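Please read the structure below before turning to the comments.
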Amino acid sequence: MSSIEKIDRERLPRHVAIIMDGNGRWAKQHGFLRSIGHENGVTTVRKITEIASELGIGFLTLYTFSTENWNRPQDEVDALMNLIVISIEQQTPDLIKNNVSLTAIGNLNRMPNFARERLEKCMSDTAHCTGLVLCLALSYSSRWEIVEACKTLATQAARGEIDPATINDEMVAGALATRDMPDPDLLIRTAGDERISNFLLWQIAYSELYFTPKFWPDFTKDDFCDAIVDYQSRERRFGKTSEQVINQNEQI
C-alpha cells in the first residue's frame, strides 16, 4: 500500500505548516552552490503544494524567508528575493489551474519594492481560487508578529476602543497575521533539526510536531503523506484525558 493510500481522508489536518530546512546543506553535500539548493527547494515546494491540494488540505504555510535571514550574505539575500518572486510568477498559472490561492504573512515592507509588488500581483491573480490556501511566511518571525499584535491591542486600548481587562486568547489571535487561518494541526520540519526557530509560536501551541532528517530538496510527496499518516496515528487530547477524547469521539 502506498503512502497516500494509507491516509484517512476523513481525518486530514486542516492546516499544515512546514519549516523548509536544508537547502544549503543539500547543496554542500552535492558539491553545488547554495543557490542551487534553493532552486531545488523551489521544485519541492511545487510538489508539496500539488499533493496538499490533491489531498484536500485547507491551508499550507511555508516558512520561506525569516526575519533572521536578512542577516545572511547580501548576495544570497538578493538571489533568494529574485528566486522567490520568479518562482511565484512561474507557478501562478498552475496555482490557478489547481484552484490554489496565494497569500503571505510577515513584515513585507522590508522586502524590496520589485519583490513585494510582484508578490502582491500573484496574490491578486489567485484571489478568486477557493481550494488550498498557500501561505508564504516571508520576512517573518513569530516574535515580530506577537509584538505587532501587542502594539495593535495597546493602541486600541489607548483609544478607548477596548478594555485591557477584557483581552483574551481570541483577541490576541485576532491581532495576529494568521487571523484568517485556523491554527496548524501539524508542523513539519525537514533536515534533522528539532526546534521551532521563531515560527508560529502562538499558533502551534497544540500542533503535532513531525521532524525528518531529509533535506528539503529531497522531501517528496510520499514523505509528506508519511507525515500525514503519522499525524493521524496520534491522539490529540488538548489537555483532556484519553477517556474523555474517546467518549467525545463516540458522541460525534
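The values are calculated or read from the model by the stated rules, or taken from the named source; none is laboratory data. Remember, it's a predicted structure, so these values are computed and weren't measured experimentally. A quick note on method: Cβ atoms are made from the backbone with ideal geometry, for glycine too, and the neighbour counts reach across all protein chains shown. Heads up: the accessible areas ignore ligands, DNA and RNA and are worked out on the full protein's heavy atoms, side chains in. Shrake-Rupley method; radii C 1.70, N 1.55, O 1.52, S 1.80 Å.
Set the Förster radius R0 to 41 Å, insert the Cβ-Cβ distance between LYS97 and ASN168 as r into 1/(1 + (r/R0)^6), and round the FRET efficiency to 0.05.
Computed FRET efficiency for LYS97 and ASN168: 0.50.
Which of the aspartates and glutamates could be linked to LYS214 by a straight reach, that is with a Cα gap under 20 Å, when you skip same-chain ones fewer than 8 residues away?
Straight-distance partners of LYS214: ASP21, GLU39, GLU50, ASP193, GLU194, ASP222, ASP223, ASP226, ASP230.
Please give the per residue volume of the convex hull enclosing the alpha carbon atoms of the chain, rounded to a whole number of Å³.
Enclosed volume per residue, from the Cα hull, is 157 Å³.
Can you give the FRET efficiency for ASN82 and SER124, using 1/(1 + (r/R0)^6), R0 = 25 Å, r = Cβ-Cβ distance, to the nearest 0.05?
After rounding, the FRET efficiency stands at 0.75.
Of the residues GLU89, GLU161, GLU120, which exhibits the maximal mean-square fluctuation in a Gaussian network model of the chain defined by a 10 Å Cα contact cut-off?
GLU161
Could you calculate the contour length gain from THR220 to ALA158, that is, 0.36 nm times the residue separation minus the distance between their Cα atoms, to one decimal place in nm? It would help to have the intermediate numbers written out before the result.
Numbers: separation 62, 0.36 × 62 = 22.32 nm, distance 4.95 nm.
Computed gain between THR220 and ALA158 is 17.4 nm.
Quickly work out the GLU89-to-GLU50 label distance, labels modelled 7 Å from Cα along the C-beta direction, and quote it in nm with one decimal.
2.3
What does the extension gain come out to for ALA205 and CYS150, with contour length at 0.36 nm per residue minus their alpha carbon separation?
Contour length minus Cα-Cα distance gives 18.0 nm.
Quick one: with all protein chains in place, what share of the accessible area of segment 140-179 is carbon or sulfur, to the nearest percent (1.4 Å probe)?
Ligands and nucleic acids excluded, carbon and sulfur reach 52 percent.
Separation between the ASN198 and VAL229 pseudo-spin-labels, each 7 Å from Cα along Cα→Cβ, expressed in nm?
If labels sit at ASN198 and VAL229, their model points lie 3.6 nm apart.
At q = 0.29 Å⁻¹, what is the log10 ratio I(q)/I(0) for segment 8-61, with the Debye formula run over Cα points and no solvent?
Per q value, in the given order, log10 I(q)/I(0) is -1.06.
What does the charge count near ASN107 come to, summing +1 for each Lys or Arg and -1 for each Asp or Glu among other residues with Cβ under 10 Å from its Cβ?
Surrounding charge for ASN107 is -1.
Excluding residues on the same chain fewer than 8 positions from LYS97, give the lysines whose Cα lies under 20 Å from its Cα.
LYS47, LYS121, LYS221
Using the heavy atoms of the protein chains and a 1.4 angstrom probe, tell me the accessible area per residue for the chain in square angstrom.
52
Mind checking which of LEU201, THR212, ALA175 is farthest towards the positive end of segment 172-224's charge dipole, using Cβ charges of +1 (Lys, Arg) and -1 (Asp, Glu) about the Cα centre?
Positive-end residue among those listed: ALA175.
Any idea what the relative contact order of the chain is, in percent, if you count C-alpha pairs under 8 Å spaced at least 6 apart?
That works out to 28 percent.
Dipole of the chain, Cα-centred, from +1 at each Lys and Arg C-beta and -1 at each Asp and Glu C-beta, to the nearest 20 debye? The partial results should precede the final answer.
Working: 27 positive and 36 negative charges, 77 e Å.
Here the size comes out at about 380 debye.
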